[in-house]
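Scroll down for the structure; my scribbles are underneath it.
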Amino acid sequence: MRTQVAIIGSGPSGLLLGQLLATIGVETIILERSSREHVLGRVRAGVLEQGTVDLLGEAGAADRLHAQGLLHAGISLAFDGRLHRIDMTALTGGKHVTVYGQTEVTLDLMQKREAAGLTTVFETSNVALHDFDGAAPFVTYAKDGATHRIDCDFIAGCDGYHGVSRRSAPEGALKTFERQYPFGWLGVLAEVPPADHELVYANHQRGFALCSMRSPQRSRYYVQVPADERVEAWSDERFWDELRRRLPPQTAAAVTTGPSFEKSIAPLRSFVAEPMRFGWLFLVGDAAHIVPPTGAKGLNLAASDVRYLFAGLREFYRDKSEAGLDAYSAKALARVWKAVRFSWWMTSMLHYFPEAGEFGQRIQEAELDYLVHSKAASTALAENYVGLPY
Ligand code: APR
Ligand code: PHB
């Protein structure tokens, strides 16, 4: 079998790249380890930068997003028992973010791919990448007891943090940077109306809390928990009580409780792998970097990597130029590191760090107080949150 771009992974990165390449007639095959149902069962963040929305539109997969996505002009920071709204639209000359679940983004892209009759092979195993630093890259994988080979021009490693692509980089060619945080996020989904019309990020001495949403009827909440916490230790009742203890009184009073239909704990880490290119293999999205969800950058960074790689591949196939491909890693990493910094800063400012002591607590309080009373500081938060220019 042969294709032009072999894509490893059917998450947002792989699907978005596949759809954009389809718009210019470039053939792709996606190899996915999990089942279609498993991919669609993942619950992830749900805040899209305008650039991500525009890319999904360019891929022809934004109809439901425009119909159901919630346009948000601001967020609120909660501390010292009060809410402080950051009017991001006013501070950024009119920019917004769109609240729309990543699960929905993945479904929209997957349905678009299936409608176009493009190939995704689910439940593959033993995916291996070959000769991507030579003249004839190819991928092998096992399926239904047989081993298959796909010859290609390029390999897009869109297979996430635990994928095979980053691990296939030549020995010693990869430099990684990592920061583990001493806590995780316990998240729930419940079919109850959100506590506020926008997102609320709460700093509290009991720990961080976030009030988010998926629709006017469906809420997404998180509380900071120790890194080794077990989800079985958290009944719905315990979760709702702890969440409300971390919110200002008027916000806590606005929380509608109800049975959760999803409850899970996610670890928090910052991770970057450099470079993001090895010959004809390109790392994209979570395969190359991970951010703590505090800045809502994971999906948006995947989209910006895809944008840069798509531009390079379009230039190659249309103009026979490798300039865009040669520039991919440096360009993508420049934006990745700014988002990694922002996500680290939001995490450091909003979470409870026991080892920081009273000095660290006072520094956080001073940072938050300065932030909400300084137009310059609020503007810096706003322009990073809505998304820096590509
Ligand atoms: N072979 C084939 N597929 C694989 C392999 C493999 N060896 N390893 C992983 N995969 C698949 C996973 O099953 C998953 O469907 O690759 C896909 C990677 O998708 P994501 O992990 O979602 O990564 P990405 O597409 O870059 O999207 C980044 O997803 O995890 C969130 O917070 C993250 O919002 C960000 C977004
Ligand atoms: C979510 O809705 O899941 C969400 C929103 C904002 C974040 C993280 C997660 O920063």
Original post:
Which value, in Å², gives the accessible area per residue of the stretch 70-152 when a 1.4 Å probe is used on the protein heavy atoms?
Top reply: 45 Å²
**OP:** Could you check which residue among E322, E191, E37 shows the biggest mean-square fluctuation in a GNM of the chain with a 10 Å Cα cutoff?
**Re:** E37
Subject >> Mean Cα-pair separation over length for the stretch 93-208, i.e. relative contact order, pairs under 8 Å, 6 or more apart, % >> reply: 12 percent
**OP:** Quick one: go through the stretch 342-358 and flag any residue whose amide nitrogen is under 19 Å from the point 7 Å out along the Cα-to-Cβ line of A227.
**Re:** 343-357
Original post:
Considering only protein heavy atoms, what per residue accessible area in square angstrom results for the stretch 158-242 with a 1.4 angstrom probe?
Top reply: 45 Å²
Subject >> Highest-fluctuation residue, G145, G74, G163 considered, GNM on the chain with Cα pairs under 10 Å >> reply: G145
Subject >> Estimated FRET transfer efficiency when R0 is 51 angstrom, pair N126-K375 (beta carbons, to 0.05) >> reply: 0.40
**OP:** For the stretch 32-108 and the stretch 185-245, compute the distance between their C-alpha centroids and round to whole Å.
**Re:** 18 Å
**OP:** Enter the angle in degrees (range 0 to 90, nearest 10) between the Cα long axis of helix 375-386 and the first principal axis of the Cα atoms of the chain, meaning the one along which they spread out most.
**Re:** 40 degrees
Original post:
For the chain, what is the calculated [θ] at 222 nm in deg cm²/dmol (nearest 500), taking -39500 (n - 2.57) for each run of four or more DSSP H residues and dividing by its residue count?
Top reply: -11500 deg cm²/dmol
Original post:
GNM on the chain, C-alpha springs below 10 Å: top fluctuator among A62, A195, A115?
Top reply: A115
**OP:** Would you mind getting the accessible area per residue of the stretch 267-386, heavy atoms of the protein chains only, 1.4 Å probe, in Å²?
**Re:** 39 Å²
Subject >> Neighbour-limited loop hits for chymotrypsin sites (Phe, Trp or Tyr not before Pro), the stretch 130-187 (at most 15 other Cβ within 10 Å; DSSP other than H, G, I, E, B) >> reply: Y161
**OP:** Enumerate lysine pairs in the chain that are 8 or more residues apart or on different chains, then count those whose Cα atoms are under 25 Å apart.
**Re:** 15
Original post:
Of all the accessible heavy-atom surface of the chain, with the other protein chains kept in place and a 1.4 Å probe, what percent is carbon and sulfur?
Top reply: 52 percent
Original post:
Volume per residue, Å³, of the convex hull around the alpha-carbon atoms of the chain?
Top reply: 144 Å³
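The values are calculated or read from the model by the stated rules, or taken from the named source; none is laboratory data. Since the model is a prediction, treat every value here as computed from it, not as a measurement. Note that each Cβ is placed from the backbone with ideal geometry, even for glycine, and that neighbours are counted across all protein chains shown. Note: accessible area is taken over every heavy atom of the protein model, side chains too, but ligands, DNA and RNA are not part of it. Shrake-Rupley method; radii C 1.70, N 1.55, O 1.52, S 1.80 Å.
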